[in-house]
1. Using 19 Å as the Cα-Cα cut-off, could you pick out the over-long pairs in 347/603; 241/391; 32/102?
2. Give me, ordered by chain and number, the residues 5 or more places off residue 384 or on other chains with an amide H under 5 Å from its own placed amide H.
3. Collect residues whose amide H, placed 1.01 Å from N in the peptide plane, falls under 5 Å from the amide H of residue 634; neighbours closer than 5 in sequence don't count.
4. So what are the ³J(HN,Hα) numbers for the stretch 579-591, from phi and the Karplus equation (6.51, -1.76, 1.60; θ = phi - 60°), rounded to whole Hz, Gly and Pro as x?
5. For the stretch 646-751, what does the equivalent ellipsoid look like in terms of its semi-axes, each the square root of 5 times an eigenvalue of the Cα gyration tensor, given largest first in whole Å?
6. Tabulate in residue order the Karplus-calculated ³J(HN,Hα) for the stretch 382-395, using 6.51 cos²θ - 1.76 cosθ + 1.60 with θ = phi - 60°, rounded to whole Hz; enter x for Gly and Pro.
7. Lys/Arg Cβ at +1, Asp/Glu Cβ at -1, dipole of the chain taken about the Cα centre: which of 293, 385, 572 is farthest positive-ward?
8. Just to verify a number: FRET efficiency for residue 662 and residue 734, C-beta to C-beta distance, R0 = 30 Å, to 0.05?
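Only the coordinates and a few stated rules stand behind these numbers; no lab work does. Keep in mind that what you see is a predicted model, and the values were worked out from it rather than measured. Here the Cβ positions follow ideal geometry from the backbone for every residue, glycine too, while neighbour counts run over all protein chains shown.
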Amino acid sequence: MRRTPAPPAAHPARTGALRTRIPLSWSVGFTKSPATPPRRFIPAAVPGAVQLDWARAEGWQDHFIGDNWKQYRWMEDVWWRYRATFDRPKLARGQRLFFVSKGIDYQFVIFINGAPVHEQEGMFTPVAIDITPFRADAIEILVMPAPKSFPEPDNRSQANQSCKPAVSYGWDFHPRLIPLGIWDETYLELRPAAHLDRPDLTYALNDTFDEARVSLCASVALPVRKGGNARGLRGCALRWKIVGPDGRAVFRRRVAAAPGAAVLSATVRNPRLWWPHDQGDQPLYTSVLELVGPGGAVIDAMEQRFGIRRVRLVMQPDAWSEPAVFPKTRSVPPITFEINGRRIFCKGSNWVSPDVFPGAITAGTHRALLEMVKKANMNMLRSWGGAIVQKDSFFELCDELGIMVWQEFPLSCNRYEGTHAYLRVLEQEARSIIRRIRHHPCLVIWCGGNELFNEWSGMTDQDYAFRLLNLVCYQLDRDRPFIPTAPLMGMAHGGYTFADRDGGEVYQVFRNAANTAYSECGCVATCSAAWLRRIVPEEDLEALDNASQPETEAGKALLRRVQWTQVPRYFPEARSLEELVERSQLLQAEGLKCIFEEARRQKPHCSLVLNWVLNEPCPRIVNCSIIGWPAEPKKACYAAGLSCRPVLSSARVPKFTWQPGERFEAEFWLLNDAPEAVPAGRVSAVLRFGGDEIAMGTWAHDGAAANTNLRGPALYAALPDDAAGLFELVLQYEGRPEWDSTYVFLARKNS
């Protein structure tokens, strides 16, 4: 039985019609011993998860309703056996039959006709097994119980010796549900006997950005036969072309084919550069590699899209000048992104898996969310290290939409001990991840994992896991930045509420901060009233309305989390669930507007702000998400879109709540992250109380350079003595209404 990883399946490249995929019909059952066959098999959806299959067969309600997730607990501690039988296809001369899987979660053994042929730990390393010699007509996959460092307690620390995403073991926004099973595309594939394998494309862009040196390393695979493999390729050739964004070939080359690895190189002159969507276009090139026979017929082919751009991580301009100590050392690590020689202010969100079960995620899932990201003017997503590395469609869409991706390896909030067994699997998984997605231009940084340099994780940059990941990234993807974890010194995680326990609101907390980056920050809010009614038992909602103590665990969590939204601090008791939700989401929206714009005002010392969090793995009662599950935008999503516009008029205001008759103050700003200068202009400010308006004044400015903010004067106006309730501050940019801004505040007497 082979215990080393099988050769990866033929991706990330696309294969053409010369290969034929044959779908398999799967069933699955569980057993309490790996040696004992299951008593019952049920139909299995692939990709999917064993939990979803069993729940479907048993007619269970959704796992996210009430405390239903608890009934899944036993499934993580049993062995699951997938089974597929098939009519063996008749192979044409020169054809081979492969079993291919892009992802099996997490530790498993593959059997062909009852014989074990492959054993693996790790869900990110694909499998491709030539099963032609086996005369196979039956495949089984034994999936082992979820990995745990110790049996109790049930928490994320059980994942500290595996590459299984820790979020599945329970998080504040994720129930304890540990997926197992076949989570990515899995099928039989007819391949030519001589075929292409593992195309690895890399490139280097020169400092003047007018020439890219492209390298393609591809293997030509042949079955072992007497007389040597070279005979099977006599007269064959490799034909490579690069097709530009306009559909025309910009490079062609043909070389003789030989077994094993072939390294080809090309020069693309005056390439069209890939940019984040708020900085330019997203042109994509296509690499087409063909294996052709002596007569010119194509035997096998692979395509791969890629974009050309250069990314660097550089120090912010004031990094070496403060504090004034001698000898000066690096006080904070670099976290300013430079794309194609231009410094970019990164604004966006943290991305978590959009479903508890990765096997349920589709390209449609990704598209629905990512199109909202672009519409919200966000240019970066941090793919959080507590969750999976997303399927290919995520990166393909980010390439197309111009969304930068900060990708973390699957380490989070644990102390990952550098044992031999763990490091072996970590290296295998890291290499598979890097090879799969490194050709994507959207991918701009590797990060070792989430929140690992702190008291609850206790790791340092001397831990073997970081030294290993740094080495592997250098070997396989040297020109893309790597950092060990987030946050690092100078960066911040938090806050996560509209007001902290000491009474400080986001308006003061973030103005007084001086961080180089905010890689996590945000405000909580409830989900919609419709979702609350669906996922919370009716008696708990009634207890909430009556301000009494609920009885169930879900009800107690609801009451506690509604307090976290701090609605009672600012508003009287809600008259309905809808009113409670409206107020909660209003505070989140206004808080996020403040956070995004204040971080931008701190440029260039600050160069990045990412709210926690964009999305959800399942509907949550209260969460920092700005898009509820599955793709339901909250008010904060629209607010973030306004505050992330490349150019906008902005106001720095000291607080949310004002007294009637108090002097209201606001400081003018023009925020400009665009690559173009803003000409001279005028901005006026008014306060609106229902149908009444109070003019605050006008600011005439001389213009702002590209990617440069402009600070204006502070203006003041006395609030009416009878002011009560919500009111608005409206900034109006003369002749450019798309740069206008509106903010909501509260007027009330102190109780």
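1. From 347/603; 241/391; 32/102, over 19 Å: 241/391; 32/102.
2. 351
3. 627, 628
4. Here the 3J(HN,Hα) series is 5, 4, 5, 4, 5, 4, 6, 5, 4, 4, 5, 5, x Hz.
5. 28, 12, 11
6. Each residue of the stretch 382-395 in turn: 9, 7, 5, x, x, 10, 6, 7, 5, 5, 4, 4, 4, 6 Hz.
7. Among 293, 385, 572, the one farthest towards the positive end of the dipole of the chain is 293.
8. With a Förster radius of 30 Å, E is 0.55.
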